[in-house]
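This report concerns only the one structure given below.
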Amino acid sequence: MNVQELKAAFEAAYGKQAEAVYFAPGRVNLIGEHTDYNGGSVFPCALSFGTYLLLSKNDEKFVNFRSMNQPEVTKLGLNELTTPLENSWVNYPLGVFAQYIKRGVEIKTGYDILIWGNVPNGAGLSSSAALEVVTAFALNEQLGTGFNRTVLAQIGQKAEHEFAFVNCGIMDQFASANGAKDHAIHLNCDTLEFELVPVKLEGVKILISNTHSPHKLDSGAYNQRVAECKLAVEQLNKVRPIKYLAELTEAEFKEIESAITDPVAHKRARHVVGEVQRTKDAVKALKAGDLTLFGQLMNASHVSLRDDYEVTGLQLDTMAEEAWKIDGVIGSRMTGGGFGGCTVSLVKDEAIDTFIEKVGAAYEAKTSIKPQFYIAEIGNGACKID
Ligand code: GLA
């Protein structure tokens, strides 16, 4: 859908013209997985696909939420914007309204809202963060609040915590808010300082492979990982005061790891400490143009997420392991929260077709699921389109 088509759809839905059109992208994380809520760094890029939000004020003191991706239409009074709904996509934008209200911002007028997104849902490419950030960005402009992009990301993250009940880190919303074309974001999730690193891949593409095995970032398994890391920190605090696992180098971790008596928490912590180091090394490698090392670190990241963090499973493992067999694949790993979703691979131009054909066939033979492949284009963060 292009912007003209979206505007026509708005008019058809509400019988008037949209006053503004906003966009926020999905993201793919190159490396640094499950490090964000552990005070570590991450290295995502914003994608060229994402979520569009069209809106117009109304005089009715109601906010109308419609999405072209969902059948239901929801109408809420201005005094009904602080309570989550049961099982509804509206919780993502609604959670953002609630955050504005929590910050003391008064919402005086109603809005008619239409959403359309082209991030595949449930693929672990942050369709929910894109929806949160586009809403946060739109309200910031409409309400004249002047929040910077980091605050907009934090508003989105809080909405996810309180309205989707996922205790996520800041990575997805931050990438959606702060992304820049042809750059990856090296974000320190403790200080929120970041650097945009050019991604110049001569003769190499970023290929996203969708396992089509629903990435269920349900509060269950994800929040459990968050809790296990917290337990590891608590146990380590008996021997050394730390706030986050990411404060420890691998050598420091080795010295005190025996303080973690819970074997599962111990494995989780080992992943985080190793992944933090891999992310630093990968950023250095990319800056130095050493893609071979970058790819090796991606592969090692997958192995650690598979064996220590246990967030992969048959589909993601098959997709990554089949990719590793192809000549011209520089690196391949799961991306995002895990438990289904996508892998991200760096693939030489001449190997793309073979990759899609061979990995696709092997994956389908093993899982009976048809995968899908996209060549990623790194796009900009949230913006006003019209
Ligand atoms: C999800 C969360 C992020 C991050 C990743 C794993 O995408 O929303 O905050 O924790 O999982 O790296």
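For this structure, a couple of remarks:
- Region 253-363 shape via C-alpha gyration tensor axes, a/c threshold 1.5: oblate
- Surface listing: L245, L286, L85 arranged by accessible area from highest to lowest gives L85, L286, L245, probe 1.4 Å.
- Rounded to whole numbers, the Karplus 3J(HN,Hα) couplings from phi for region 53-68 are 10, 10, 8, 8, 6, 10, 9, 9, 6, 10, 9, 9, 10, 10, 9, 6 Hz, using 6.51 cos²θ - 1.76 cosθ + 1.60 with θ = phi - 60°, and x at Gly and Pro.
- Once the Cα gyration tensor of the chain is diagonalised, semi-axes √(5λ) in Å: 35, 25, 18
- Database remark: amide H of I378 closer than 5 angstrom to the amide H of D182 (H placed geometrically; neighbours at sequence offset of 5 or more, or on other chains; Pro and chain starts carry no H).
- Between the amide H of G110 and those of N58, E60, K61, F62, distances stay under 5 Å, these residues lying 5 or more places away or on another chain, with hydrogens modeled in the peptide plane.
- By accessible area with a 1.4 Å probe, ligands and nucleic acids excluded, highest first: order of M319, M1: M1, M319
- Solvent-accessible area, 1.4 Å probe, carbon plus sulfur percent, for region 43-121: 45 percent
- Whole-Hz Karplus values for region 342-352 come out as 10, 10, 10, 9, 9, 10, 5, 3, 6, 9, 4 Hz, taken residue by residue from phi with 6.51 cos²θ - 1.76 cosθ + 1.60 and θ = phi - 60°; glycine and proline positions read x.
- Cα centroid separation - region 232-292 against region 174-191, whole Å: 22 Å
- DSSP bridge pairs, region 62-191: antiparallel proportion in percent, nearest 5: 45 percent
- Evaluating kT/(6 pi eta Rh) at 37 °C and 0.692 mPa s, with the Kirkwood radius of region 18-60 over Cα pairs in the Stokes-Einstein relation, gives 254 µm² s⁻¹.
- What separates the Cα centres of region 310-328 and region 7-45 is a distance of 27 Å.
- Accessible-area composition of region 145-288, carbon plus sulfur, in percent [1.4 Å probe]: 52 percent
- Each peptide in 297-308, 72-83 receives the mean, over its residues, of other Cβ atoms within 10 Å, and ordering these scores from highest gives 297-308, 72-83.
- Coupling constants for region 278-285 follow from the phi torsions by the Karplus curve (6.51 cos²θ - 1.76 cosθ + 1.60, θ = phi - 60°), and in residue order they are 4, 5, 4, 5, 5, 4, 4, 4 Hz; glycine and proline get x.
- Accessible area in square angstrom per residue, the chain, 1.4 angstrom probe: 41 Å²
- For G289, net neighbour charge (Lys/Arg +1, Asp/Glu -1) across residues whose Cβ lies under 13 Å away: +1
- Once backbone amide H atoms are built at 1.01 Å from N, G340 has L316 as its partners under 5 Å, excluding neighbours fewer than 5 places away on the same chain.
The values are calculated or read from the model by the stated rules, or taken from the named source; none is laboratory data. Not measured: the values here are computed from a predicted model. Positions of Cβ are generated from backbone atoms using ideal geometry, with glycine treated the same way; all protein chains shown enter the neighbour counts. We work out accessible area using only protein heavy atoms, side chains counted, and drop any ligands, DNA or RNA first. Shrake-Rupley method; radii C 1.70, N 1.55, O 1.52, S 1.80 Å.
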